[in-house]
There are 2 protein chains.
Amino acid sequence: MNRFLSNATNRIDAKGRVSVPSTFRAVLAQAAVSELYAWQDFVFPAVSMAGPEVLDRFERMIGSQDPFSAEANKMSLLIHGGGVFMKLDGEGRLLVTDFIRDFTGITDRVTFAGRGDHFQLWEPAAFEEMQSRARKERTAIS
Amino acid sequence: MNRFLSNATNRIDAKGRVSVPSTFRAVLAQAAVSELYAWQDFVFPAVSMAGPEVLDRFERMIGSQDPFSAEANKMSLLIHGGGVFMKLDGEGRLLVTDFIRDFTGITDRVTFAGRGDHFQLWEPAAFEEMQSRARKERTAIS
DNA sequence: TGGGCCACCATGGGCGTCAATGGGAACCAG
DNA sequence: CTGGTTCCCATTGACGCCCATGGTGGCCCA
């Protein structure tokens, strides 16, 4: 499998580490990604992660917009100013920093959610809530 | 036969596994599907399964939107974050995870229902109920 | 047409492997 | 010297893979 799919919830240990699900690690390994780029989602209280190549994509995206628009401005602020590089330890765990905790509300457990070309870290309850709400909206539409 | 038809109810064993009906497995085998994409139905309390090509279809749907819009984000949350890849064991069984149980209410038995290009997992009583209701409604109309 | 044989499918369970988790100890930086 | 990391090793519980069994339906033959 070559994309990030499904979701899983893992526990944060006493040292503040959490295991990235092995399915996600497999995707990263296949893409030969050793360092992760992390940023804050534009819509939800979640932190997104992917290989550094997403930076290129974001920059193209911003470049294609009106450089003076509020949207492009905000996006650049988040991408460039709010992005962080992270790496996994030998066991495939990452350190849950305050950067992540503050924005997501994560305390002791993390829900990893696949998003196709990247994955996200959520506070478990917030993820449940958002997902069921999104489902309801879709149901209402169809 | 190249589509999923009819329904059958199988028992979940002590390890939480359930056999996929052989007629369905035959359809999968013919389509050379080894990994199943599963998602939660948008209307009923049932989990749907099919080959990975439905995921492509969903993704095209998302791709036709502004990739940074809240709408596309929400849809990806359901499709990617709410979808799971599952594979069958050597005997053609699948593991009934909490992902399935929580959404369907399944406990010890599963009703498999063919839906043409995919099939669904139902809690047996819920399936009965839904079917008889659908039948009544049709009768009332004609 | 009835009986029996056989194949296949649903089900049960053993066992090895690997992922998730926990914790010790070395290492670095302030 | 001290707090925070990083690297390594241990544990355990879940899952994948494999083989066994039994029941049922279909098929063949008398």
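Can you confirm whether B:Ser76 is touching a Gly at 6+ places or on another chain (Cβ under 7 Å) and farther than 30 Å from B:Ala14 by Cβ? Break it down stepwise before answering.
Numbers: touching a Gly at 6+ places or on another chain (Cβ under 7 Å): yes; farther than 30 Å from B:Ala14 by Cβ: yes.
Yes; evaluated as a whole, the condition is true for this residue.
Check segment B:80-98 and report whether any residue there is more than 14 Å from the chain's Cα centre (by Cα), within 14 Å of chain A (Cβ to nearest Cβ) and more than 10 Å from DNA strand D (Cβ to nearest atom).
yes
Residue by residue, here is whether (1) away from DNA strand C (no atom under 16 Å from the Cβ); (2) modelled with pLDDT of 90 or more; (3) surrounded by fewer than 19 Cβ atoms within 10 Å (Cβ to Cβ) holds:
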| position | (1), (2), (3) |
| --- | --- |
| B:Leu77 | yes, yes, no |
| B:Val84 | no, no, no |
| B:Leu94 | no, yes, no |
| B:Thr104 | yes, yes, no |
| B:Phe119 | no, yes, no |
| B:Lys136 | yes, no, yes |
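Among the listed residues A:Arg60, A:Arg109, which satisfies the condition of being under 30 Å from B:Phe42 (Cα atoms) and either surrounded by 15 or more Cβ atoms within 10 Å (Cβ to Cβ) or basic (Lys, Arg) (or both)? Can you show your working first?
Details: A:Arg60 fails: under 30 Å from B:Phe42 (Cα atoms).
Exactly one of A:Arg60, A:Arg109 is under 30 Å from B:Phe42 (Cα atoms) and either surrounded by 15 or more Cβ atoms within 10 Å (Cβ to Cβ) or basic (Lys, Arg) (or both), namely A:Arg109.
Out of everything in segment A:67-79 that is outside any helix (DSSP H, G or I) and either among the aromatic types (Phe, Trp, Tyr) or within 14 Å of chain B (Cβ to nearest Cβ) (or both), what residue ends up being farthest from the chain's Cα centre (by Cα)? If you could, list the steps in order and put the result at the bottom.
Going residue by residue through segment A:67-79, those that are outside any helix (DSSP H, G or I) are A:67-69.
Then keep just the ones that are either among the aromatic types (Phe, Trp, Tyr) or within 14 Å of chain B (Cβ to nearest Cβ) (or both); that gives A:68-69.
Numbers: A:Phe68: 27, A:Ser69: 25 Å.
Within segment A:67-79, the match that is farthest from the chain's Cα centre (by Cα) is A:Phe68.
Take A:Glu53 and decide whether it is more than 14 Å from chain B (Cβ to nearest Cβ) and open to solvent by 90 Å² or more (accessible area, probe 1.4 Å). Spell out the reasoning first.
Working: more than 14 Å from chain B (Cβ to nearest Cβ): yes; open to solvent by 90 Å² or more (accessible area, probe 1.4 Å): yes.
For A:Glu53, the condition - more than 14 Å from chain B (Cβ to nearest Cβ) and open to solvent by 90 Å² or more (accessible area, probe 1.4 Å) - is met.
The values are calculated or read from the model by the stated rules, or taken from the named source; none is laboratory data. Only a predicted model underlies this, so the values are computations on that prediction, with no experimental measurement involved. Using ideal geometry, Cβ is built from the backbone for each residue, glycine included, and neighbour counts are taken over all protein chains shown. Remember, those area values only see protein heavy atoms, side chains included, never the ligands or the DNA or RNA. Shrake-Rupley method; radii C 1.70, N 1.55, O 1.52, S 1.80 Å.
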